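First comes the structure, then the notes that go with it.
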Amino acid sequence: MKKRKSPREIIEGSGYTKTEEALIKFPGEEPVDVSALPEEGGVEVHPLKALFLSERHGKKPYTLIHTHRFLPSKKSITVAPSPEDVDAFLRDSRVKTAVIAYKEKPSGQLAGYLVMKKSKETDRIDEDRKRNLIVRFKRKVKTSKCRIGKQSMLHSALDDLSRDAKFRFKIVPTEDYCFSQYRQEGEEYVSGGLIKQKSKDLSQKLCLSIGIALLSFSMFLINSSITGNIIKELGENSLNWVALILSFTGLLGILFYINKRLFYDYYFI
């Protein structure tokens, strides 16, 4: 059986090295390319391809993914949807989740995702209300341009929009990046975003250390020739249960270190 590729594998391995791209993903399936008129600063969804996929899946809601490109020389990558992105997300009832993947050019490496996910209340909002919310968001985006706190202002605008339109959003950096609304440049703080880390973050290292320690201790408990002489008070069944729980927790910590973004690849996208 052919192994299903994750959205990240497909996006990073695609042939779109100079332009943006668009994909549609249904639960349990690989994303499908639906790009139309791809350009360096934008892409459209091919209407016939989207309709065909929707009909084939019984008009079930899907995840709409598209990329935003950035140069490797950028010290921070601004994370925010454009007003057009928001319009496509809110006004198309077929789209349950919208994902913007931030892709370096020309390498194709991903820096992170912006994930927006509707609730049941989102599609119940009438069209006039949605239109007004999009106009208000567009005004805030325009105001934020060329500001030192641009990322913070955009984040605040998206936060207000998500509260009014009843959807959730999450910024998910890949393992080589972190997200901050501000970054330090010399003695000053300037607008932040997705920032490349100089080393693996502390949480990953801590997970690996704890995972190895718990796994090692569980192996120690399982070895009856040692534990029988040291812990006489505990029964064999109790020790086995403790060892099993510690082994499971340790493995989770190690897996989190190996690919802590795997959960987001499959749950959100």
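Rule-based calculations on the coordinates, nothing more; no lab input. Because the structure is predicted, anything quoted here is derived from the model rather than measured. Please note: Cβ atoms are built from the backbone with ideal geometry, for glycine as well, and neighbour counts cover all protein chains shown.
Report the full-extension gain for the segment residue 33 to residue 4: residue separation times 0.36 nm, less the Cα-Cα distance, to one decimal in nm.
Values: separation 29, 0.36 × 29 = 10.44 nm, distance 1.54 nm.
Contour length minus the Cα-Cα distance gives 8.9 nm.
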Describe numerically, in nm with one decimal, the distance between label points set 7 Å from Cα along Cα→Cβ at residue 178 and at residue 128. 4.8
Which ³J(HN,Hα) values in Hz, rounded to whole numbers, follow from the phi angles of the stretch 31-42 under the Karplus curve 6.51 cos²θ - 1.76 cosθ + 1.60, where θ = phi - 60° and Gly and Pro get x? x, 10, 5, 10, 5, 9, 6, x, 10, 5, x, x
Provide the packing ranking of 30-37, 95-102, 76-83, i.e. peptides ordered by the mean count of other C-beta atoms within 10 Å per residue, highest first. 95-102, 76-83, 30-37
Residues of the stretch 36-50 with backbone N under 12 Å of the label point set 7 Å from the Cα of residue 82 along Cα→Cβ are 38-45
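When the convex hull of the C-alpha atoms of the stretch 7-197 is computed, what volume per residue in Å³ does it have? Write out the running numbers ahead of the final one.
On the way: hull volume 22.6 nm³, N = 191.
Residue-normalised Cα hull volume stands at 118 Å³.
Express in nm, to one decimal, how much length is gained between residue 188 and residue 52 on full extension, taking 0.36 nm for each residue of separation and deducting their alpha carbon distance. Before the final figure, lay out each step's value.
Numbers: separation 136, 0.36 × 136 = 48.96 nm, distance 5.17 nm.
Answer, rounded to one decimal: 43.8 nm.
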Here, residue 75 and residue 17, labelled 7 Å along Cα→Cβ, have an inter-label distance in nm of 3.0
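When only Cα pairs under 8 Å and 6 or more residues apart are kept, what is the percent relative contact order across the stretch 42-131? Before the final figure, lay out the partial values.
Values: 97 pairs, mean separation 25.4, N = 90.
Averaging sequence separation for qualifying contacts and normalising by length gives 28 percent for the stretch 42-131.
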